[in-house]
Amino acid sequence: MSASSPLSEFDARLLEFAETAPRSPGAREEAITRTLGISAVRYHQRLNRLLDDPAAAAAHPILVARLRRMRNQRAESRRRAKSG
């Protein structure tokens, strides 16, 4: 996505859902399917892609920054575990 392309209606709904999603993994997966009509795997793939989209960062700057930080921390933990 380019910096000038706006978020689709679905991507905007997905980000709004991410802000209010249940914290419990089981409840979150059920809510993803019920609310968005997609699998949890597809949700996480799309959310991860949105974290690199400037339009998503402009629409939900605090959420995107928090999720990017969490993604980077998980990646760093995996790198440290591999290098042992």
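Values in this text are rule-based calculations from the coordinates and carry no lab data. Please read all numbers here as calculations on a predicted model, not as lab measurements. Here the Cβ positions follow ideal geometry from the backbone for every residue, glycine too, while neighbour counts run over all protein chains shown.
General observations
- For region 42-84: rounded, prolate or oblate by the Cα gyration tensor [a/c cutoff 1.5]: prolate
- Evaluated over the Cα positions of region 9-83, the convex hull gives a direction-averaged projected area, one quarter of its surface, of 5.4 nm².
- Estimated distance in nm for a label pair at Ala75 and His44, the labels positioned 7 Å out from Cα along Cα-to-Cβ: 1.6 nm
- 15 Å beta-carbon shell around Glu30, net charge (K/R +1, D/E -1): +3
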